[in-house]
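First the structure, in the form of C-alpha coordinates, and then the observations on it.
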Amino acid sequence: MSVFWNSRAAGISPYVPGEQPRDRKLIKLNTNENPYPPSPKVISAIEEILSGGESLRLYPDPLCLKFREAVADAYGVKPSQVFPGNGSDEVLAFAFGAFFESSSNSLIGSADYQAILFPDITYSFYPVYAQLWGIPFRTILLREDFSINLGDYAIPAGGVIIPNPNAPTGRALPASDFLQLARNLERDNKVLIVDEAYTAFGAESMVPHIADHPNLLTVHTMSKSASLAGLRVGFAIGSEKLIEGLFRVRDSFNSYTMDALALAGGAAAVLNRPYYDRINQKVIAARERTAAALETMGFEVIPSKANFLFITKPGISGAALFQSLRDKGILVRHFNKHRTADYLRVSIGTDDDMDAFLAACKAIICRS
(Lines give C-alpha, C1' and ligand atoms only; values in the text may rest on other atoms or scores of the structure.)
Protein backbone atom coordinates (compact mmCIF):
# COMPACT_ATOMS: atom_id res chain seq x y z
CA MET A 1 0.00 0.00 0.00
CA SER A 2 1.23 3.47 -0.85
CA VAL A 3 -0.07 6.96 -0.22
CA PHE A 4 0.69 7.67 -3.88
CA TRP A 5 -1.70 5.07 -5.25
CA ASN A 6 -5.13 6.22 -6.37
CA SER A 7 -8.27 4.46 -5.14
CA ARG A 8 -8.30 2.20 -8.22
CA ALA A 9 -4.79 0.88 -7.67
CA ALA A 10 -5.41 0.47 -3.95
CA GLY A 11 -8.73 -1.29 -4.34
CA ILE A 12 -7.98 -3.98 -6.92
CA SER A 13 -6.74 -7.50 -6.23
CA PRO A 14 -4.38 -8.29 -9.12
CA TYR A 15 -4.31 -11.63 -10.90
CA VAL A 16 -1.60 -13.98 -9.65
CA PRO A 17 -0.03 -15.99 -12.51
CA GLY A 18 1.31 -19.50 -12.15
CA GLU A 19 4.84 -19.86 -10.88
CA GLN A 20 7.61 -19.59 -13.46
CA PRO A 21 10.47 -21.39 -11.69
CA ARG A 22 14.04 -20.49 -12.43
CA ASP A 23 15.04 -23.99 -11.39
CA ARG A 24 14.45 -25.85 -14.65
CA LYS A 25 14.90 -29.19 -12.91
CA LEU A 26 11.23 -28.98 -12.03
CA ILE A 27 8.77 -30.63 -14.42
CA LYS A 28 6.49 -27.72 -15.13
CA LEU A 29 2.81 -28.72 -15.29
CA ASN A 30 1.30 -25.59 -13.79
CA THR A 31 0.61 -22.98 -16.49
CA ASN A 32 -0.97 -24.93 -19.38
CA GLU A 33 1.84 -24.24 -21.82
CA ASN A 34 2.12 -26.56 -24.81
CA PRO A 35 4.93 -29.07 -24.21
CA TYR A 36 5.95 -29.13 -27.87
CA PRO A 37 7.86 -26.46 -29.83
CA PRO A 38 6.17 -24.10 -32.26
CA SER A 39 6.07 -24.85 -35.96
CA PRO A 40 9.41 -24.43 -37.79
CA LYS A 41 7.53 -22.01 -40.05
CA VAL A 42 7.06 -19.72 -37.06
CA ILE A 43 10.79 -19.69 -36.38
CA SER A 44 11.52 -18.98 -40.05
CA ALA A 45 9.05 -16.08 -40.11
CA ILE A 46 10.62 -14.52 -37.02
CA GLU A 47 14.15 -15.02 -38.36
CA GLU A 48 13.15 -13.27 -41.57
CA ILE A 49 12.02 -10.23 -39.58
CA LEU A 50 15.28 -10.23 -37.62
CA SER A 51 17.57 -10.78 -40.58
CA GLY A 52 17.59 -7.22 -41.88
CA GLY A 53 16.62 -5.31 -38.76
CA GLU A 54 14.63 -2.81 -40.81
CA SER A 55 11.33 -4.06 -39.42
CA LEU A 56 12.51 -3.43 -35.88
CA ARG A 57 13.47 0.16 -36.69
CA LEU A 58 9.92 0.96 -37.75
CA TYR A 59 6.66 0.79 -35.87
CA PRO A 60 4.62 -2.35 -36.66
CA ASP A 61 1.43 -2.12 -38.71
CA PRO A 62 -1.18 -0.76 -36.27
CA LEU A 63 -3.93 -2.53 -38.20
CA CYS A 64 -2.03 -5.85 -38.04
CA LEU A 65 -3.50 -6.58 -41.46
CA LYS A 66 -1.37 -9.58 -42.51
CA PHE A 67 -2.01 -11.29 -39.20
CA ARG A 68 -5.74 -10.57 -39.36
CA GLU A 69 -5.85 -11.86 -42.95
CA ALA A 70 -4.15 -15.08 -41.81
CA VAL A 71 -6.66 -15.57 -38.97
CA ALA A 72 -9.56 -14.78 -41.31
CA ASP A 73 -8.32 -17.32 -43.83
CA ALA A 74 -7.89 -20.00 -41.16
CA TYR A 75 -11.31 -19.42 -39.56
CA GLY A 76 -13.40 -18.59 -42.61
CA VAL A 77 -14.27 -15.02 -41.63
CA LYS A 78 -13.37 -11.54 -42.95
CA PRO A 79 -10.28 -9.68 -41.72
CA SER A 80 -12.62 -6.95 -40.50
CA GLN A 81 -14.09 -9.53 -38.10
CA VAL A 82 -10.71 -10.17 -36.43
CA PHE A 83 -9.17 -8.16 -33.60
CA PRO A 84 -5.47 -8.72 -32.80
CA GLY A 85 -3.97 -8.47 -29.34
CA ASN A 86 -0.89 -8.94 -27.23
CA GLY A 87 -2.17 -12.23 -25.84
CA SER A 88 -5.78 -13.06 -25.09
CA ASP A 89 -5.55 -11.43 -21.66
CA GLU A 90 -5.13 -8.06 -23.34
CA VAL A 91 -8.00 -8.82 -25.71
CA LEU A 92 -10.20 -9.71 -22.74
CA ALA A 93 -9.23 -6.51 -20.93
CA PHE A 94 -10.26 -4.46 -23.97
CA ALA A 95 -13.49 -6.46 -24.30
CA PHE A 96 -14.48 -5.71 -20.70
CA GLY A 97 -13.81 -2.03 -21.35
CA ALA A 98 -15.69 -1.96 -24.66
CA PHE A 99 -18.83 -3.99 -23.94
CA PHE A 100 -19.56 -4.11 -20.20
CA GLU A 101 -20.88 -0.96 -18.55
CA SER A 102 -19.04 0.54 -15.61
CA SER A 103 -21.20 1.50 -12.65
CA SER A 104 -19.83 5.06 -12.74
CA ASN A 105 -21.23 5.47 -16.26
CA SER A 106 -24.70 4.14 -15.46
CA LEU A 107 -27.74 5.16 -13.54
CA ILE A 108 -28.43 2.83 -10.63
CA GLY A 109 -31.56 0.88 -11.44
CA SER A 110 -31.19 1.25 -15.20
CA ALA A 111 -30.76 -1.69 -17.55
CA ASP A 112 -27.15 -0.71 -18.22
CA TYR A 113 -26.31 -1.08 -14.53
CA GLN A 114 -27.08 -4.80 -14.46
CA ALA A 115 -24.20 -6.97 -13.34
CA ILE A 116 -22.30 -9.08 -15.82
CA LEU A 117 -22.30 -12.83 -15.21
CA PHE A 118 -19.59 -15.47 -15.16
CA PRO A 119 -19.07 -18.77 -13.28
CA ASP A 120 -17.97 -18.80 -9.65
CA ILE A 121 -15.13 -21.19 -10.54
CA THR A 122 -13.49 -19.92 -13.70
CA TYR A 123 -10.57 -17.92 -15.03
CA SER A 124 -9.59 -15.69 -12.12
CA PHE A 125 -8.74 -12.71 -14.33
CA TYR A 126 -12.45 -11.99 -14.91
CA PRO A 127 -13.16 -10.43 -11.49
CA VAL A 128 -9.86 -8.53 -11.75
CA TYR A 129 -10.92 -6.92 -15.03
CA ALA A 130 -14.37 -6.17 -13.63
CA GLN A 131 -12.85 -4.44 -10.60
CA LEU A 132 -10.36 -2.53 -12.75
CA TRP A 133 -13.09 -1.14 -15.00
CA GLY A 134 -15.60 -0.67 -12.17
CA ILE A 135 -18.02 -3.18 -13.70
CA PRO A 136 -20.61 -4.78 -11.38
CA PHE A 137 -20.50 -8.57 -11.62
CA ARG A 138 -22.25 -11.61 -10.25
CA THR A 139 -20.88 -15.15 -10.18
CA ILE A 140 -23.11 -18.11 -11.04
CA LEU A 141 -22.49 -21.33 -9.13
CA LEU A 142 -21.27 -24.34 -11.01
CA ARG A 143 -23.14 -27.57 -10.38
CA GLU A 144 -21.72 -30.04 -7.88
CA ASP A 145 -19.90 -31.84 -10.70
CA PHE A 146 -18.34 -28.52 -11.79
CA SER A 147 -20.46 -28.31 -14.95
CA ILE A 148 -22.04 -25.07 -16.19
CA ASN A 149 -25.83 -24.84 -16.40
CA LEU A 150 -26.49 -22.18 -19.03
CA GLY A 151 -30.10 -22.00 -17.87
CA ASP A 152 -28.81 -20.21 -14.78
CA TYR A 153 -27.68 -17.35 -17.04
CA ALA A 154 -31.17 -16.72 -18.44
CA ILE A 155 -31.64 -13.69 -16.21
CA PRO A 156 -31.26 -9.93 -16.81
CA ALA A 157 -27.56 -9.17 -17.10
CA GLY A 158 -25.14 -6.56 -18.35
CA GLY A 159 -23.40 -9.24 -20.39
CA VAL A 160 -21.95 -12.73 -19.98
CA ILE A 161 -18.48 -14.21 -20.29
CA ILE A 162 -17.87 -17.95 -20.14
CA PRO A 163 -14.79 -19.98 -21.05
CA ASN A 164 -15.45 -23.07 -23.11
CA PRO A 165 -13.79 -25.30 -21.98
CA ASN A 166 -13.97 -23.77 -18.55
CA ALA A 167 -10.82 -23.25 -16.52
CA PRO A 168 -9.63 -24.69 -14.22
CA THR A 169 -12.14 -27.54 -14.52
CA GLY A 170 -11.67 -28.42 -18.21
CA ARG A 171 -15.37 -29.15 -18.76
CA ALA A 172 -16.82 -28.09 -22.12
CA LEU A 173 -20.30 -27.55 -23.54
CA PRO A 174 -21.47 -28.11 -27.13
CA ALA A 175 -21.44 -24.90 -29.15
CA SER A 176 -25.17 -25.25 -29.82
CA ASP A 177 -25.90 -24.92 -26.10
CA PHE A 178 -24.86 -21.24 -26.18
CA LEU A 179 -27.20 -20.16 -28.95
CA GLN A 180 -30.27 -19.44 -26.83
CA LEU A 181 -28.17 -17.46 -24.38
CA ALA A 182 -26.76 -15.43 -27.29
CA ARG A 183 -30.28 -14.73 -28.54
CA ASN A 184 -31.47 -13.67 -25.08
CA LEU A 185 -28.59 -11.25 -24.66
CA GLU A 186 -28.94 -9.91 -28.20
CA ARG A 187 -32.54 -8.99 -27.46
CA ASP A 188 -31.26 -6.79 -24.62
CA ASN A 189 -28.34 -5.42 -26.67
CA LYS A 190 -25.80 -7.23 -24.48
CA VAL A 191 -22.67 -9.14 -25.45
CA LEU A 192 -21.82 -12.80 -24.96
CA ILE A 193 -18.08 -13.50 -24.81
CA VAL A 194 -16.96 -17.11 -25.18
CA ASP A 195 -13.34 -17.47 -24.12
CA GLU A 196 -11.93 -20.24 -26.35
CA ALA A 197 -8.41 -20.50 -24.95
CA TYR A 198 -8.52 -24.32 -24.96
CA THR A 199 -10.90 -25.17 -27.78
CA ALA A 200 -8.17 -26.84 -29.87
CA PHE A 201 -7.98 -29.71 -27.39
CA GLY A 202 -11.39 -31.17 -28.12
CA ALA A 203 -14.15 -28.58 -27.66
CA GLU A 204 -16.41 -26.98 -30.26
CA SER A 205 -15.83 -23.40 -31.34
CA MET A 206 -18.54 -20.76 -31.55
CA VAL A 207 -16.89 -19.10 -34.55
CA PRO A 208 -19.29 -20.73 -37.07
CA HIS A 209 -22.16 -18.96 -35.28
CA ILE A 210 -20.65 -15.46 -35.41
CA ALA A 211 -22.50 -14.55 -38.61
CA ASP A 212 -25.89 -15.21 -37.00
CA HIS A 213 -25.20 -13.45 -33.71
CA PRO A 214 -23.83 -9.89 -33.92
CA ASN A 215 -23.41 -9.81 -30.12
CA LEU A 216 -21.19 -12.93 -29.98
CA LEU A 217 -17.44 -12.51 -29.48
CA THR A 218 -14.96 -15.39 -29.31
CA VAL A 219 -11.55 -14.82 -27.74
CA HIS A 220 -8.51 -16.92 -28.65
CA THR A 221 -4.93 -17.35 -27.50
CA MET A 222 -1.96 -18.83 -29.34
CA SER A 223 -0.17 -19.55 -26.06
CA LYS A 224 -1.70 -23.00 -25.61
CA SER A 225 -2.56 -24.58 -28.94
CA ALA A 226 0.20 -22.87 -30.97
CA SER A 227 3.08 -23.11 -28.46
CA LEU A 228 3.56 -19.34 -28.45
CA ALA A 229 3.17 -18.44 -24.78
CA GLY A 230 6.47 -16.56 -24.92
CA LEU A 231 5.45 -14.51 -27.95
CA ARG A 232 2.11 -13.19 -26.59
CA VAL A 233 -0.37 -13.49 -29.45
CA GLY A 234 -4.15 -13.45 -29.13
CA PHE A 235 -7.18 -12.41 -31.12
CA ALA A 236 -10.94 -12.09 -31.07
CA ILE A 237 -13.49 -12.91 -33.75
CA GLY A 238 -16.87 -11.25 -33.93
CA SER A 239 -19.10 -8.93 -35.90
CA GLU A 240 -17.49 -5.88 -37.49
CA LYS A 241 -19.20 -3.59 -34.98
CA LEU A 242 -17.79 -5.55 -32.03
CA ILE A 243 -14.33 -5.46 -33.57
CA GLU A 244 -14.63 -1.72 -34.12
CA GLY A 245 -15.48 -1.32 -30.43
CA LEU A 246 -12.34 -3.21 -29.44
CA PHE A 247 -10.19 -1.02 -31.68
CA ARG A 248 -11.72 2.11 -30.14
CA VAL A 249 -10.63 0.97 -26.67
CA ARG A 250 -7.23 -0.28 -27.82
CA ASP A 251 -6.45 2.95 -29.62
CA SER A 252 -7.21 4.86 -26.44
CA PHE A 253 -4.28 3.00 -24.82
CA ASN A 254 -1.74 2.01 -27.47
CA SER A 255 -2.16 1.51 -31.19
CA TYR A 256 0.92 -0.71 -31.42
CA THR A 257 0.17 -3.48 -28.96
CA MET A 258 1.50 -6.29 -31.20
CA ASP A 259 5.15 -6.11 -32.21
CA ALA A 260 6.63 -7.16 -35.56
CA LEU A 261 7.88 -10.52 -34.28
CA ALA A 262 4.51 -11.46 -32.80
CA LEU A 263 2.70 -10.45 -35.98
CA ALA A 264 4.99 -12.53 -38.20
CA GLY A 265 5.13 -15.55 -35.90
CA GLY A 266 1.41 -15.48 -35.20
CA ALA A 267 0.50 -15.35 -38.88
CA ALA A 268 2.81 -18.27 -39.66
CA ALA A 269 1.36 -20.32 -36.82
CA VAL A 270 -2.29 -19.77 -37.61
CA LEU A 271 -1.73 -20.84 -41.22
CA ASN A 272 0.08 -24.06 -40.27
CA ARG A 273 -2.86 -25.97 -38.88
CA PRO A 274 -1.61 -29.46 -39.91
CA TYR A 275 1.47 -29.11 -37.70
CA TYR A 276 -0.53 -27.95 -34.70
CA ASP A 277 -3.24 -30.54 -35.22
CA ARG A 278 -0.53 -33.20 -34.91
CA ILE A 279 1.03 -31.92 -31.71
CA ASN A 280 -2.32 -31.13 -30.08
CA GLN A 281 -3.53 -34.65 -30.83
CA LYS A 282 -0.47 -35.85 -28.90
CA VAL A 283 -1.54 -33.64 -25.99
CA ILE A 284 -5.08 -35.04 -26.15
CA ALA A 285 -3.79 -38.63 -26.19
CA ALA A 286 -1.54 -37.94 -23.19
CA ARG A 287 -4.46 -36.32 -21.36
CA GLU A 288 -6.71 -39.34 -21.84
CA ARG A 289 -3.95 -41.79 -20.88
CA THR A 290 -3.11 -39.79 -17.76
CA ALA A 291 -6.76 -39.47 -16.73
CA ALA A 292 -7.28 -43.24 -17.03
CA ALA A 293 -4.14 -43.98 -15.02
CA LEU A 294 -5.14 -41.56 -12.27
CA GLU A 295 -8.57 -43.10 -12.00
CA THR A 296 -7.03 -46.55 -11.49
CA MET A 297 -5.13 -45.02 -8.55
CA GLY A 298 -8.35 -43.78 -6.97
CA PHE A 299 -8.23 -40.16 -8.12
CA GLU A 300 -11.38 -38.33 -9.12
CA VAL A 301 -10.78 -36.71 -12.51
CA ILE A 302 -13.10 -34.11 -14.01
CA PRO A 303 -13.76 -34.87 -17.71
CA SER A 304 -11.58 -32.45 -19.68
CA LYS A 305 -11.54 -31.00 -23.18
CA ALA A 306 -8.56 -28.78 -22.38
CA ASN A 307 -4.81 -29.36 -22.12
CA PHE A 308 -5.05 -29.96 -18.39
CA LEU A 309 -6.81 -32.14 -15.84
CA PHE A 310 -8.62 -31.09 -12.66
CA ILE A 311 -8.10 -33.83 -10.09
CA THR A 312 -8.54 -34.72 -6.44
CA LYS A 313 -7.50 -37.71 -4.31
CA PRO A 314 -9.94 -38.51 -1.50
CA GLY A 315 -8.06 -38.68 1.77
CA ILE A 316 -5.28 -36.30 0.73
CA SER A 317 -5.72 -32.53 0.88
CA GLY A 318 -4.96 -30.50 -2.20
CA ALA A 319 -2.31 -28.53 -0.33
CA ALA A 320 -0.56 -31.69 0.86
CA LEU A 321 -0.63 -33.29 -2.57
CA PHE A 322 0.65 -30.09 -4.18
CA GLN A 323 3.60 -29.91 -1.80
CA SER A 324 4.38 -33.62 -2.08
CA LEU A 325 4.50 -33.35 -5.87
CA ARG A 326 6.69 -30.27 -5.66
CA ASP A 327 9.06 -32.10 -3.34
CA LYS A 328 9.37 -34.71 -6.08
CA GLY A 329 10.12 -32.09 -8.72
CA ILE A 330 6.61 -31.82 -10.20
CA LEU A 331 5.04 -28.36 -10.28
CA VAL A 332 1.22 -28.19 -10.66
CA ARG A 333 -1.39 -25.53 -9.77
CA HIS A 334 -3.36 -25.40 -6.54
CA PHE A 335 -6.29 -23.01 -6.18
CA ASN A 336 -6.77 -22.84 -2.41
CA LYS A 337 -10.33 -21.52 -2.45
CA HIS A 338 -13.78 -22.71 -1.46
CA ARG A 339 -14.83 -25.82 -3.43
CA THR A 340 -11.41 -26.16 -5.14
CA ALA A 341 -9.09 -26.47 -2.14
CA ASP A 342 -8.73 -30.24 -2.52
CA TYR A 343 -8.22 -30.12 -6.28
CA LEU A 344 -5.14 -29.66 -8.41
CA ARG A 345 -4.93 -28.51 -12.00
CA VAL A 346 -2.35 -30.50 -13.91
CA SER A 347 -1.16 -29.30 -17.31
CA ILE A 348 -0.46 -32.00 -19.88
CA GLY A 349 3.21 -32.29 -20.76
CA THR A 350 5.14 -34.72 -22.89
CA ASP A 351 4.71 -38.45 -22.43
CA ASP A 352 7.87 -38.51 -20.32
CA ASP A 353 6.54 -35.64 -18.18
CA MET A 354 3.28 -37.44 -17.56
CA ASP A 355 5.03 -40.73 -16.78
CA ALA A 356 7.08 -38.91 -14.14
CA PHE A 357 3.95 -37.26 -12.77
CA LEU A 358 2.10 -40.58 -12.53
CA ALA A 359 5.07 -42.26 -10.86
CA ALA A 360 5.20 -39.44 -8.30
CA CYS A 361 1.48 -39.78 -7.61
CA LYS A 362 1.82 -43.51 -7.11
CA ALA A 363 4.71 -43.04 -4.69
CA ILE A 364 2.80 -40.41 -2.70
CA ILE A 365 -0.28 -42.65 -2.43
CA CYS A 366 1.78 -45.63 -1.30
CA ARG A 367 3.42 -43.51 1.38
CA SER A 368 0.21 -41.97 2.69
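The values are calculated or read from the model by the stated rules, or taken from the named source; none is laboratory data. Note that this is a predicted model, so its numbers are computed, not measured. Every residue, glycine among them, receives a Cβ derived from its backbone with ideal geometry; neighbour counts consider all protein chains shown. The accessibility values were calculated without ligands, DNA or RNA, using every heavy atom of the protein model including side chains. Shrake-Rupley method; radii C 1.70, N 1.55, O 1.52, S 1.80 Å.
Counted residue by residue at 0.36 nm each, then reduced by the alpha carbon distance between them, the extension gain from ASN189 to SER13 reaches 60.4 nm.
With R₀ fixed at 45 Å, the C-beta to C-beta distance from ARG57 to GLU240 puts the FRET efficiency at about 0.85.
Here the chain is treated with +1 on each Lys and Arg Cβ and -1 on each Asp and Glu Cβ, and its dipole about the Cα centre works out to around 720 debye.
With each label modelled as a point 7 angstrom along the Cα→C-beta vector, the ASP277-SER252 pair spans 4.2 nm. Ratio of Rg to Rh for the stretch 137-177: 0.93 [Cα atoms; Kirkwood radius as inverse mean 1/r over pairs]. Here is the list for the stretch 1-70: chymotrypsin sites (Phe, Trp or Tyr not before Pro) lying in DSSP coil, each with at most 14 other C-beta atoms within 10 angstrom of its C-beta, are PHE4, TRP5, TYR15. The Cα trace of the stretch 231-315 gives Rg and Dmax of 19.4, 54 Å, the first to one decimal, the second as a whole number.
For the chain, the carbon plus sulfur part of the accessible surface works out to 53%, probe radius 1.4 Å. Mind checking which of ILE43, ILE135, ILE155 has the largest fluctuation in a GNM of the chain, springs on alpha carbons under 10 Å? Greatest mean-square fluctuation among the candidates belongs to ILE155. Cα-based values for the stretch 226-368, radius of gyration first and Dmax second, are 19.7, 59 Å. Dividing the radius of gyration of the alpha carbons in the chain by their Kirkwood radius gives 0.97 for Rg/Rh.
Set the Cα radius of gyration of the stretch 166-236 against 2.2 N^0.38 Å, with N its number of residues, and you get 1.17. Close amide H pairs (under 5 Å, H built 1.01 Å from N) link HIS213 with no residue at least 5 positions away or on another chain. At full extension, LYS78 and ILE365 could sit 98.0 nm farther apart than now, given 0.36 nm per residue minus the alpha carbon distance. Computed from phi, the 3J(HN,Hα) profile of the stretch 81-88 under the Karplus parametrisation 6.51, -1.76, 1.60 (θ = phi - 60°) reads 9, 10, 10, x, x, 7, x, 5 Hz, with x in place of Gly and Pro.
Note on the stretch 280-356: Cα convex hull, mean projected area over all directions, 4.8 nm².
Each label point was placed 7 Å from the Cα along the Cα-to-Cβ direction; for ALA319 and LYS337 their separation is 1.7 nm. A viscosity of 0.692 mPa s and a temperature of 37 °C, combined with the Kirkwood radius over C-alpha pairs in the Stokes-Einstein formula, give the stretch 68-181 a diffusion coefficient of 211 µm²/s. Sorted largest first, the spans of the alpha carbon positions of the stretch 176-283 along the three principal axes are 40, 35, 17 Å. Between amide H atoms placed 1.01 Å from N, distances below 5 Å from ALA115 occur with GLY158, all of them 5 or more places distant or on a separate chain. On a per residue basis, the stretch 281-368 carries 44 Å² of accessible surface, using protein heavy atoms and a 1.4 Å probe.
Going toward the positive end of the dipole of the chain, with +1 on Lys and Arg Cβ and -1 on Asp and Glu Cβ, which of ASN6, ILE348, LEU142 do you reach last? Farthest along the dipole direction, towards plus: ILE348.
Other residues within the sphere of radius under 12 Å centred on the Cβ of ASP145, judged by their own Cβ, net out at +1 (K and R +1, D and E -1).
Over the residues of the chain, the helix contribution to mean residue ellipticity at 222 nm works out to -11500 deg cm²/dmol, using -39500 (n - 2.57) for each DSSP H run of at least 4.
Packing around the peptides 143-150, 125-132, taken as the average count of other Cβ atoms within 10 Å per residue, puts them in this order, highest first: 125-132, 143-150.
Every pair of different Cα atoms in the stretch 1-121 enters the Kirkwood calculation, which places the hydrodynamic radius at 19.7 Å. The DSSP beta bridges internal to the chain are antiparallel in roughly 55% of cases.
Each of PHE4 and ASP152 was given a label point 7 Å from its Cα along the Cα-to-Cβ line. The distance between the two points is 4.3 nm. Pairs exceeding 21 Å between alpha-carbon atoms, taken from LYS28/LYS362; LYS78/LYS241; LYS282/LYS362; LYS224/LYS305; LYS328/LYS362; LYS25/LYS282: LYS282/LYS362; LYS25/LYS282.
3J(HN,Hα) along the stretch 316-332: 10, 5, x, 5, 5, 5, 4, 5, 5, 5, 5, 4, 9, x, 10, 9, 10 Hz, from the Karplus curve 6.51 cos²θ - 1.76 cosθ + 1.60 with θ = phi - 60°, whole Hz, x for Gly and Pro. Rounded to the nearest 5, the antiparallel percentage of DSSP beta bridges internal to the stretch 92-205 is 0%.
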